[in-house]
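K.L.:
Here it is, the structure, as structure tokens.
Throughout, read-outs are computed from the coordinates displayed, never taken from laboratory work. What you see is a predicted model, and the numbers here were worked out from it, not measured in a lab. In this analysis, Cβ positions are derived from the backbone assuming ideal geometry, glycine residues included, and neighbour counts consider all displayed protein chains.
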């Protein structure tokens, strides 16, 4: 397995740090683009990406503008990053376009963690053989899992609207909440999470993006997810009205583990259980 990195440039001119984990095998089984969750840096997915490469799949990770390694190499202060959620979608689309050209003869797969499963309609989804969402759901706070729902009012009505204007971005790392997020992203996300229609509250253009997706989608969700409820999961996937969908809800007991939760899937302890379930979907 080889590991290389490159810096791409977004349509807004921001640096995008991209890492490639490529199998040594002469015959590559496919390419997996991994779209991250909100506030999660690509290094979190590194062990899983390396494992996919060992299974014969090239795996590609990245940080959105204003996040992780992309922010570090860009040298633009986070408070000066003007990206919003749709800009992040355009960044993922740009990276997918690069992969289409670089790997023209193998199937392309999308693995979206949480937020990463919400932007399939913003990319060239027709180029995807299949999309797999992991812990993806709408963020509407009144439908969140109980643990998150209890904390949501303080987060959305106090911390985000007060601290974001003060710092010019949301300083989540020091609060141990979500992470440091560009102002345009966090404020747009706030609007959606306070609306029952979530991202669809943007109007018909966004609904049409979701409806245009006809790529098969497999949803992997977890009964003990401390962020996303079953209703959150059903809600966001219902927007993909024309995509063939397979909804798999997994309980920790199903795999002989005490818990999975929202951020468990990509931990190496699940290599012989959950990772194998996802691998089985790459066909």
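K.L.:
Using the count of nearby Cβ atoms within 10 Å as a rough guide to exposure, how do 33, 11 rank from fewest to most?
P.N.:
Placing the least packed residue first, the sequence is 11, 33.
K.L.:
Could you put 10, 138, 2 in order, starting from the residue whose Cβ has the fewest other Cβ atoms within 10 Å?
P.N.:
Going from sparsest to densest Cβ surroundings: 2, 10, 138.
K.L.:
Can you say what percent of the DSSP beta bridges in the stretch 2-281, counting only those with both residues inside, are antiparallel? Round to 5.
P.N.:
Bridges in the stretch 2-281 that DSSP calls antiparallel: roughly 40 percent.
K.L.:
Shifting gears a bit: If R0 is 45 Å, what FRET efficiency do you get for residue 82 and residue 253 from their C-beta distance, rounded to 0.05?
P.N.:
0.45
K.L.:
Here's a follow-up. Calculate the translational D of the chain in whole µm² s⁻¹ from Stokes-Einstein, where the hydrodynamic radius comes from the Kirkwood formula applied to all Cα pairs, the temperature is 4 °C and the viscosity 1.567 mPa s.
P.N.:
For these conditions, the coefficient is 68 µm²/s.
K.L.:
Just rank 12, 267, 41, fewest to most, by other beta-carbon atoms within 10 angstrom.
P.N.:
Ranking 12, 267, 41 by Cβ neighbours within 10 Å, fewest first, gives 12, 267, 41.
K.L.:
Can you give me the orientation-averaged projected area of the convex hull built on the Cα atoms of the stretch 83-144, in nm²?
P.N.:
Mean projected area for the stretch 83-144: 4.6 nm², to one decimal.
K.L.:
Where both residues lie in the stretch 14-113, what percent of DSSP beta bridges are antiparallel, nearest 5?
P.N.:
Percent antiparallel among DSSP bridges in the stretch 14-113 is about 30.
K.L.:
Let me ask something additional. Can you give the calculated 222 nm mean residue ellipticity of the chain, where each DSSP H run of n ≥ 4 adds -39,500 (n - 2.57) and the sum is split over every residue, rounded to the nearest 500 deg cm²/dmol?
P.N.:
When only DSSP H runs of four or more count, the value is -9500 deg cm²/dmol.
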